[in-house]
Amino acid sequence: MVAIIKTEKLTKSYGSHRGIVDVDLAVEQGEVFGFLGPNGAGKTTTIRVLLDLIRPTNGKAYVFGIDTTVDPVAIHRRVGYLPGEFTLYDRLTGGETLEYFANLRGGVDPAYQASLVERFDLDPSRKFKEYSKGNKQKVGLVAALQHKPELLVLDEPTAGLDPLVQETFFAVVREAVGEGRTVFLSSHVLSEAEKACDRVGIIRDGRLVMVDRVDALRDLAAHQVELRFTGLVPADEFGALPGVSDVVAEDHVLRMHVAGSIDPVIKAAARFELADFVSREPSLEETFLAQYGRESGEVADHGR
Amino acid sequence: MAVELGRAPFTSTHRRLSLRSRLYGLGTVYAKTMRDSRRSVLIAAALMGGLMLVVGAAIPTVYPTQAARDEMAKLATDLGAVAQGIAGKPVNVATMGGYVQWKYGPVFLFVAGLWSILALSSTLAGEARNGSLEFVVTSPMRRRRIALEKVAAHLSVMTIALAIMAFAAWLAGAAFGTLPGDAVPVQAALGYALWVGLLALAFGGLAFTLAPFLGRSAAAGIAGFILFAGWILNGYAALVPAFAVPADLTPWAWTANHLPLAGQYDWVSLVPVAILAVVLLVAGIEGFARRDLGAASSIRTPGLPAATHGLSGPVARAFGERLPTALAWGLGIGVFGLVMAAASRSLADEFAKSPDLQTTFRSVFPGFDISTAGGFLQLLVQLEFIVAGFAAATLVAGWASDETSGRLEMLLATPLARRSWAVSGGIGADLAVAAMTVVLAVAVGIGALMAGSDAVTPMAGSITLGLYAAALVGVGVAVGGFFRTSIAAEVVTLVVTATYLIDLMAPALRLPDWVHQLALTAHFGQPMVGQWDVGGIVACLVLAAGGLAVGGWGMRRRDVAR
């Protein structure tokens, strides 16, 4: 696979303040990569380095194989970018704003631009300063999408959008990926990443702590298992099984967390008369929070 | 949980503020506004206090003997009504206080008035627009209380700055006075500060009242226009009878006989100004309390046609974005230029009757012949350099707003290189300067035609204002590109102020010629009479083009700010 984005020990410091530290990342062509982390973790700093808005203190970043500090314009020609926070020209209408960005880029199909405006339900005749937060976000999204870029870099793209428009946005993202384009999506809304992304990376305190496929990442977190027996069972037997933790016995019910394979638990339960069995798959959010509970900052990358 | 409607579940009768909150101005709206004003109060106090001391120190140097003072006073009196458009009423001009009142009396009001206009127009309307006020308004405080605390804070910082200015006036008389009558009594210093403060609050109050309805910019523009127009109308009412009626409607005319630094008091005249200020401030508070928050403009202001918005590329966009500001400056300077040019011949004739006065003016503006219409207009251009400079500063601020507002991130994510952005924006600002220059030059030309003079020479001479502004745009782009855009306009303002003071004060203080030569405006010759200095033009072009090149180069090597 072709790495559209690649970073090597990418570091950015703001004087004595931490930005990002030794970030090694690879995003492949045609995938939706979710970049997750809470506020201040370093998501936006990474994006700004990728687009050469700021320069790395150490390390390298490549987009389309081009060093970001060497020929950023060549990168920008093929990128669509939506910043997390932005403002545009107050006196221009939404339509004029889109026209201006289309002129800056060139090669925008007016029909496609119009279709995006229609799908996002944007009124292009109003001045930018008169738009609500959500409508401003729509202008930014159309400006980022209208030239059908090979790489979409979207920082918190659904902020301010209503659920219907969010659905439209995800549909457009799916179409882009279907055409072989790549999406790099930063978010702290985990359900959004879970819904849209093929792989996610988790950044914590400026360090990339985990990169994996969404489903594989989910497997890393413990399943919540509840076993209901017809009679009392020895809880200690289950607590000693590999991957089992936090066993709680309540009358005939055992509750526990199971990390990894659930097979030993099922085999142990089969030795007793089982009335009911419930296993809940962990959400990405639980995985995310579990990762944040870890002390180690080592990167685990399993998904390529 | 059951909630009892109509009654707060928890009541706090006493709010205890921490020492830290008190010290850092985070305890009340009043304290926070004071905290936010600390930089502006320092600048205003330094400007007014410093100018008072500099002028006070200069007078005994330029006019060291009683005979020289008497001669200067005689000239001021002989000049009569003609000079009132430039200076004020000549009362006790032979004393330090009288001279300051005559020659610089309005200058301090311009500083305080503009400060008050900008502060009061933005304290609520500006915060409402950017959303910060919503957090304050949704706290358990009535809107009237919030507005009142903000106004009270402005009154407090204005009082501090004016007290420093009054102290400087007293100190100048005590420290630099060399002749009888040079001492400035405390009563005179306070009387002058009170006049400055009340008029400044009246004009600031007008901006404060209009801001919730028209928005910050329009309110500040209208109040600022009335501040300057009132001064011109009042100054030339004696010469132009048509000016008399509108002039009488302004506080300038009401307080025309209150000249405290000259030892002439008219305390009663300050009462209607105080009432006007209070009425306007109360109206502003009520307007804020009753209207929708942030609904700034229900009155549609005319805009430029969409064709001027400039969507074809970065240069056109930068020009389109700066054009309304440039046209406003061009019209403002142009209207003043038109009036002066129309009156230039008759004013020059009056100056021609006083050879001694011409000699005095030559000590400040060497080589100027103000007995001719062209020479008089050249004097006008020298005074307008500072206005054109401030125009350039606003255009630089507009260029910088791409980065300071966060717009630049989206622009640079297109195939627009950093250097191209900086240079294109600079060229757009220069084109806006050109538009401003065309407007003001046409206005000056019309004025000259009305006076029956040659129009082409003063129109061509007006180009120097544009050249100077273009050079300053170059300085601003260089600073913004090389260091950061957030300081570019401030640096340009500093350069403009320093240049103006050097050009004006160096000859008067008989400082070495090389000091005077530091001012770019000293190198244009006298283009309003057809005498051009190529050196100044070349310097402007080099600064304009070189500044853009440096700015473009600088942008390549630094991070883009958020």
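Calculated FRET efficiency, B:Asp78 to B:Ala307, Cβ-Cβ distance, R0 = 60 Å: about 0.65 to the nearest 0.05.
Inter-chain Cβ neighbour count for A:77-83, averaged per residue, equals 3 (cutoff 10 Å, partner chain atoms only).
For the protein assembly as shown, the share of DSSP beta bridges that are antiparallel, to the nearest 5, is 70%.
When each of the peptides B:38-49, B:452-463 is scored by how many other beta carbons lie within 10 Å of its residues on average, the order from highest to lowest is B:452-463, B:38-49.
Note on region B:478-562: dipole from Cβ charges, positive end direction compared against B:Leu509, B:Thr497, B:Val534; the farthest Cα belongs to B:Thr497. Region B:406-474 and region A:221-254 have Cα centres lying 80 Å from one another.
Cross-link check: pairs A:Lys12/A:Lys136; A:Lys138/A:Lys195; A:Lys133/A:Lys195; A:Lys6/A:Lys43; B:Lys32/B:Lys103; A:Lys43/A:Lys195 evaluated at a Cα-Cα cut-off of 26 Å; pairs beyond the cut-off: A:Lys12/A:Lys136; B:Lys32/B:Lys103.
Entry note, chain B: relative contact order of 13 percent, from Cα contacts under 8 Å with a spacing of 6+ residues.
When the protein assembly as shown is described by a simple charge dipole with +1 on each Lys and Arg Cβ and -1 on each Asp and Glu Cβ, the residue from B:Gly215, A:Val32, B:Ile232 located farthest towards its positive end is B:Ile232.
Using 0.36 nm per residue of separation minus the Cα-Cα distance, give me the extension gain between B:Ile487 and B:Arg38 in nm, one decimal. Write down the numbers at each step before the final one.
Numbers: separation 449, 0.36 × 449 = 161.64 nm, distance 1.76 nm.
My answer for the length gained is 159.9 nm.
Compared with the rule-of-thumb size 2.2 N^0.38 Å for a compact globular protein, the protein assembly as shown has a Cα radius of gyration ratio of 1.19. Along each principal axis, taking the top coordinate minus the bottom one, the Cα set of region B:27-293 gives 66, 43, 28 Å in descending order. Checking every one of the GluC sites (Glu not before Pro) in region A:170-219 against DSSP loop status and a limit of 13 other Cβ atoms within 10 Å picks out A:Glu179.
Estimated purely from DSSP H runs of n ≥ 4, each contributing -39500 (n - 2.57), the mean residue ellipticity at 222 nm for chain B is -24000 deg cm²/dmol once divided by its residues.
Expressed as a fraction of 2.2 N^0.38 Å, the C-alpha radius of gyration for region B:304-562 is 1.07. The alpha carbons of chain B give a radius of gyration and a Dmax of 25.0, 91 Å, in that order. Multiplying each eigenvalue of the alpha-carbon gyration tensor of region A:63-166 by 5 and taking the square root yields semi-axes of 23, 15, 13 Å, largest first, rounded to whole angstroms.
For region A:1-95, what D do you get in µm² per second when you plug the Kirkwood radius from alpha-carbon pairs into Stokes-Einstein at 37 °C and 0.692 mPa s? Let's see the in-between values first.
On the way: Rh = 14.4 Å.
It diffuses with D of about 227 µm²/s by this estimate.
Using packing as a proxy for protection, rank B:234-242, B:110-118 so that the peptide with the highest average count of other Cβ atoms within 10 Å comes first.
Ranking the peptides B:234-242, B:110-118 by packing returns B:110-118, B:234-242.
Peptide B:188-200 has a mean shielding of 0, counted as Cβ atoms of other protein chains within 10 Å of each residue's Cβ.
Under a 5 Å amide H cut-off, with hydrogens placed 1.01 Å from N, A:Gly260 pairs with A:His223 among residues at least 5 apart or on other chains. Measuring r between the beta carbons of B:Val456 and B:Ala498 and using R0 = 35 Å, the FRET efficiency lands at 0.60.
When every Cα-Cα distance of region B:389-507 is counted in 5 angstrom steps from zero, the calculated P(r) takes the values 2, 12, 18, 18, 15, 13, 10, 6, 4, 2, 1, 0 percent. In chain A, helical runs assigned H by DSSP with n ≥ 4 each contribute -39500 (n - 2.57); averaged across all residues and rounded to the nearest 500, the mean residue ellipticity at 222 nm is -9500 deg cm²/dmol.
Where the centroid of each part is defined by its Cα atoms, how far is region B:239-297 from region A:160-208 in Å? Comparing the Cα centres of region B:239-297 and region A:160-208, I get a distance of 59 Å.
Loop-only trypsin sites (Lys or Arg not before Pro) in region B:120-217, please: DSSP not H, G, I, E or B, and at most 16 other Cβ atoms within 10 Å. The partial results should precede the final answer.
Working: sites: B:Arg129, B:Arg142, B:Arg143, B:Arg144, B:Arg145, B:Lys150, B:Arg216; in loops: B:Arg142.
Sites meeting the loop and neighbour criteria: B:Arg142.
Between B:Val271 and A:Val189, the distance separating the two model label sites (each 7 Å from Cα on the Cα→Cβ line) works out to 6.5 nm. Modelled this way, with points 7 Å down the Cα-to-C-beta line, the labels at A:Ala259 and B:Ala68 are 9.0 nm from one another. What's the magnitude of the charge dipole for region B:27-293 around its Cα centre, counting Lys and Arg as +1 and Asp and Glu as -1 at the beta-carbon? Answer in Debye, nearest 20. Using Cβ point charges on Lys, Arg, Asp and Glu, region B:27-293 gives about 860 debye. Length, then width, then depth: along the principal axes, the Cα atoms of chain A run 74, 43, 36 Å.
A short reminder: the numbers here are calculations on the coordinates, not readings from a lab. All values reported here derive from a predicted model rather than from experimental measurement. Every residue, glycine as well, gets a Cβ built from its backbone with ideal geometry; the counts of neighbours run over all protein chains shown.
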